[in-house]
Amino acid sequence: MRVHVTDLRPGDHIQQDAFNSNGVHVLRKGTILRMEDISKLLQHGIDYIDISPRQLAESIELLSDISESFRQVQPQFNLAFDGCRSMFEEAAMTGKFNESVVDDTFHPLVDSLSEQKDVVSLLLLFNGKDDYTYRHSIQVGMLSYYIAEWMGYSEQEAYDIGKAGFLHDIGKCRIPREILDKPGKLTPDEYEQVKLHTIYGYEMIYESTQDKITATVALQHHERGDGSGYPKAIGQDQIHPYAQICAVADVYSAMTTNRVYQSKQQLLTVLRELYGLSFGKLNGKATHAFIRQMLPYFIGKKVVLTTGESGIIVANNQSDYFRPLVQAGERFIDLSKEPDTEIQEILL
């Protein structure tokens, strides 16, 4: 059956070799299409492709598999959420927490993540409007784990880095709720109190686990390579590599999550901002690994544009990775060529 490239789905089998208008071979006959293959066809300007007839049952099964993979993660996310809440409450009361609770709640989540590579969908699924501190801690743990894996760290190292991300904000349990939940701008004195959560976190983690590296991540996750961070305003050479990874995850999660004093920002917009921060403030290798791995998973996501139109991201844009090609009805919108049109929201 012959279909337009924009109607292709992951899992389709192409029946003939695909060539662009210049005769360049793009894909082989028999290829089972992935999102990146569909993107490649679009980038080469190929309009139609022959595929094997689809079986309705196969299409339903593909969607079912995707839904099932997320359903499998949900219980582990809920377990981590409850464990995080318990850990914060215990630390607030006693100044310490039970390390076994951390492993008992975070390890099952990491095990479930090994089968789920679509991080964009995970962030969209688990980005609720309540209990910001707990959701943020889980997101930073998840993202720190993924970034470490993408950078080539061993499985054990990636878990340790993810665990450090999970614990990075534990010191906030000592900051008054009226400051953490304040809807307006903090006073200079209030901001100085918030900054102390890094020191409190170091003390709590070290007292509870005797793990100096994990404690150092809590201490340093707001430090910046150019010396503009806190609490000690140290430079990149003095910031632990694990803390540099956690910082990338922390900034991304914070900017893309609803908070009482700030609405979440659109995921691709924040990736662009991270890219800018990677030249001096955030670690470049960690940030670029994150961006490189995230971008392919935006393809196929539904979007709402500032024009009011709804559409689907159909390809990454080689001239501007953060302004993709969007199909809205019969219209194809190259956001890199329409500067007044923005993605307002990304949906599953």
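Within the stretch 174-195, identify whether any single residue is closer than 28 Å to VAL120 by Cα, surrounded by fewer than 19 Cβ atoms within 10 Å (Cβ to Cβ) and either in contact with an Asp or Glu (Cβ under 6 Å, 6 or more places away or on another chain) or modelled with pLDDT of 95 or more (or both), and answer yes or no. No: zero hits. The residues of the stretch 233-255 that are touching a residue at least 12 places away in the same chain (Cβ under 8 Å) and part of a loop (DSSP other than H, G, I, E, B), listed by number, are ILE234, ILE239, HIS240. Could you list, in sequence order, the residues of the stretch 212-232 that are open to solvent by 50 Å² or more (accessible area, probe 1.4 Å) and touching a residue at least 40 places away in the same chain (Cβ under 8 Å)? Residues satisfying the conditions are ILE213, ASP226, SER228.
The residue that is least open to solvent (accessible area, probe 1.4 Å), counting only those in the stretch 1-46 that are of a type in the set (D, E, K, R) and within 26 Å of the chain's Cα centre (by Cα), is ASP37. Give me a count of the residues in the stretch 280-316 that are part of a loop (DSSP other than H, G, I, E, B), open to solvent by less than 20 Å² (accessible area, probe 1.4 Å) and over 16 Å from GLN266 (Cα atoms). So the answer is 1. Candidates are the residues of the stretch 145-173 that are of a type in the set (Ser, Thr, Tyr) and open to solvent by less than 10 Å² (accessible area, probe 1.4 Å); the one that is farthest from ALA91 (Cα to Cα) is TYR146. Of all residues in the stretch 108-123, those being outside any loop (DSSP other than H, G, I, E, B) and either surrounded by fewer than 16 Cβ atoms within 10 Å (Cβ to Cβ) or touching a Ser or Thr at 6+ places or on another chain (Cβ under 6 Å) (or both) number 1.
Only residues that are part of a strand (DSSP E or B) and open to solvent by 20 Å² or more (accessible area, probe 1.4 Å): list them for the stretch 317-344, please. Residues satisfying the conditions are LEU325, GLN327, ARG331, PHE332, ASP334, GLN344.
The values are calculated or read from the model by the stated rules, or taken from the named source; none is laboratory data. Predicted model, so just to flag it, every value in this text is computed and none were measured. Because the Cβ atoms are built from the backbone with ideal geometry, glycine has one as well, and the counts that use them run over all protein chains shown. For accessibility, only protein heavy atoms count, side chains too; no ligands or nucleic acids. Shrake-Rupley method; radii C 1.70, N 1.55, O 1.52, S 1.80 Å.
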